[in-house]
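Chemist: Before anything else, here's the structure in question.
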């Protein structure tokens, strides 16, 4: 049994990670925003002390707002992780920094390996890339875990939004030219546990649902899980939904490091959605 500290514990991933770690026999301290100000170095040192593993799920995730509030996003996504990583290093603890596909340009044609050059195109991506650097620079026992297209119970997510809109509109138009990997937070939590509990090498990991899909594909899959006609979902392009922050057109991440470490990567995204549906789409 290890002593885990999970920051951002009130979010979708934080909740599932706390549950998974406790189910595995670990002693878990769940720290929500009200419990720990990650921008306070002294508070981080105090709270981290006595823990063996620190998983940072706290993040600024309002991608569009970061375009006009980059300094505030940088504080949460880079300064906070640096404070936690330094505290973890002083305590001799492993630190896990949850990062994102937005650190890449999104213009690849094949899955990004973990060591691919980063080239963020948005303020959010830049701040998360800075957080990765800060954690690596501050800790000798760090895992950077990049993920993408997260959904789960108890929070705002694309599948839940599609469910809500399905009850309001006869047809939905969804972009078909952004490709990525839908990832259930329950599966990601289990993957983080496998990385840490196995004593896998420190470094950068890509933890996303296997396979790939467009937002259009995911929307149709949600309709299928709801027993609705997927033909009610029609495709469009990103040009029809211009947002302040650019979205990566191609966000498929490679999972080679899992096999190299003798670990199972996250399951196929479509199978995961089927398992997730009873909780994520519980209002159906």
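Derivation of every value follows stated rules applied to the coordinates shown; laboratory data play no part. Everything quoted here is computed from the prediction, not taken from an experiment. When we count neighbours, we look across all protein chains shown, and the Cβ atoms used for this are built from the backbone with ideal geometry, even at glycine.
Chemist: I'd like to compare 195-202, 154-161: which one has the highest average count of other Cβ atoms within 10 Å, and what's the full order after that?
Modeler: Numbers: 195-202: 15.4, 154-161: 16.9.
Result, highest mean Cβ count within 10 Å first: 154-161, 195-202.
Chemist: How long are the semi-axes of the equivalent ellipsoid of the stretch 76-158, taking √(5λ) for every eigenvalue λ of the Cα gyration tensor, in whole Å from largest down? Please report the intermediate quantities before stating the final value.
Modeler: On the way: eigenvalues 108, 54, 29 Å².
Ellipsoid half-lengths, sorted descending, are 23, 16, 12 Å.
Chemist: Right, next: Given R₀ = 45 Å, what would the calculated FRET efficiency be for residue 237 paired with residue 114, taking r from the Cβ atoms and rounding to 0.05? Don't jump to the answer; show the numbers that get you there.
Modeler: Working: r = 30 Å, r/R0 = 0.66.
Given R0 = 45 Å and the Cβ-Cβ separation, E is 0.90.
Chemist: At a temperature of 37 °C and a viscosity of 0.692 mPa s, determine how fast the stretch 18-160 diffuses translationally according to Stokes-Einstein, using the Kirkwood radius over alpha-carbon pairs as Rh; express D in µm²/s, rounded to the nearest whole number.
Modeler: Details: Rh = 15.9 Å.
Translational D for this selection: 206 µm²/s.
Chemist: Given springs between every Cα pair under 10 Å in a Gaussian network model of the chain, which of 270, 243, 136 has the largest fluctuation?
Modeler: Highest fluctuation of the listed residues: 243.
Chemist: Right, here's the next one. Could you tell me the convex hull volume per residue, in Å³, taken over the Cα atoms of the stretch 128-272? Can you show the working numbers first?
Modeler: On the way: hull volume 18.0 nm³, N = 145.
Measuring per residue, one finds 124 Å³ for the Cα hull of the stretch 128-272.
Chemist: Gap in Å between the Cα centre of the stretch 35-87 and the Cα centre of the stretch 227-284?
Modeler: 27 Å
Chemist: If you line up the Cα atoms of the chain on their principal axes, what length do they span on each, largest first, in Å?
Modeler: If we take the Cα atoms of the chain, the spans are 56, 39, 38 Å.
Chemist: If you don't mind, another one. Rounded to the nearest 0.05, what FRET efficiency do residue 279 and residue 24 have when you use their Cβ-Cβ distance and R0 = 25 Å?
Modeler: The value I calculate is 0.80.
Chemist: Between residue 64 and residue 168, what is the label-point separation in nm under the 7 Å Cα-to-beta-carbon projection?
Modeler: 1.4 nm
Chemist: Which one, 24, 122, 140, has the greatest fluctuation when you compute a Gaussian network model over the chain with C-alpha springs under 10 angstrom?
Modeler: 24
Chemist: Using just the C-alpha positions of the stretch 129-178 as equal point scatterers, what log10 of I(q)/I(0) does the Debye formula give at each q in 0.27, 0.28, 0.32 1/Å?
Modeler: Values, matching the q order: -1.04, -1.07, -1.17.
Chemist: Please identify, among 173, 147, 100, the residue showing maximal mean-square fluctuation in a Gaussian network model of the chain using a 10 angstrom Cα cutoff.
Modeler: 173
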